[in-house]
Amino acid sequence: MMFMHLKYAFSSHEMKYDPFFGQPEQIHLSYGLDPTLMIVTWVTLNEVNDFIVEYGQFDMFNKREIGSISIFQDSGSEKRHEYIHRVVL
């Protein structure tokens, strides 16, 4: 059994929303083209400094990967930004 822990830290930029909007939402796990790889994807509504997944087996988070971020802007009237984080394990 694999255990995962998402680590995040708020950006030094001014917060646009309540601090809870920096928390990970919509967490997805998927396989990549190589079935030995797993991709962890999640969304935050504020920019964060770090996007790290710590993982391991038997309650030991002894592995760590750093990912990438992309910005999505919705086409609605608010033009909200969402920050999409991806980490390959």
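The values are calculated or read from the model by the stated rules, or taken from the named source; none is laboratory data. Computed from a predicted model, the values in this text were never measured in an experiment. Here the Cβ positions follow ideal geometry from the backbone for every residue, glycine too, while neighbour counts run over all protein chains shown. The protein model used for the area step is the full one, side chains on, heavy atoms only, and it has no ligands, DNA or RNA in it. Shrake-Rupley method; radii C 1.70, N 1.55, O 1.52, S 1.80 Å.
Let's see how each residue does on (1) without any contact (Cβ under 8 Å) to a residue 60 or more places away in the chain; (2) out of contact with any Asp or Glu (no Cβ under 9 Å at 6 or more places or on another chain); (3) of a type in the set (Lys, Arg):
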residue: Asp50; (1), (2), (3): yes, yes, no
residue: Tyr55; (1), (2), (3): yes, no, no
residue: Asp59; (1), (2), (3): yes, yes, no
residue: Asn62; (1), (2), (3): yes, no, no
residue: Gly67; (1), (2), (3): yes, yes, no
residue: Phe72; (1), (2), (3): yes, no, no
residue: Lys79; (1), (2), (3): yes, yes, yes
residue: Ile84; (1), (2), (3): yes, yes, no
residue: Val88; (1), (2), (3): yes, no, no
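Kindly provide the set of residues from the stretch 60-76 that are under 19 Å from Arg86 (Cα atoms) and open to solvent by 90 Å² or more (accessible area, probe 1.4 Å), ordered by number.
Once the filter is applied, which keeps residues that are under 19 Å from Arg86 (Cα atoms) and open to solvent by 90 Å² or more (accessible area, probe 1.4 Å), the stretch 60-76 yields Phe61, Lys63, Arg64, Ile66, Ile71, Phe72, Gln73.
Just the residues that are of a type outside the set (A, V, I, L, M) and at pLDDT 85 or above, please, taken from the stretch 11-46.
First, the residues of the stretch 11-46 that are of a type outside the set (A, V, I, L, M): 11-14, 16-26, 28, 30-32, 34-36, 41-42, 44, 46.
Gln26, His28, Ser30, Tyr31, Asp34, Pro35, Thr36, Thr41, Trp42, Thr44, listed by residue number.
So which residues in the stretch 56-82 are under 23 Å from Tyr31 (Cβ atoms) and in a strand (DSSP E or B)?
Those that are under 23 Å from Tyr31 (Cβ atoms) and in a strand (DSSP E or B): Gly56, Gln57, Lys63, Arg64, Glu65, Ile66, Ser68, Ile69, Ser70, Phe72.
Can you name every residue in the stretch 66-89 that is polar (S, T, N, Q) and within 13 Å of the chain's Cα centre (by Cα)? Even if it seems obvious, please write down each step before you answer.
To start, the set of residues in the stretch 66-89 that are polar (S, T, N, Q) comprises 68, 70, 73, 75, 77.
Those that are polar (S, T, N, Q) and within 13 Å of the chain's Cα centre (by Cα): Ser68, Ser70.
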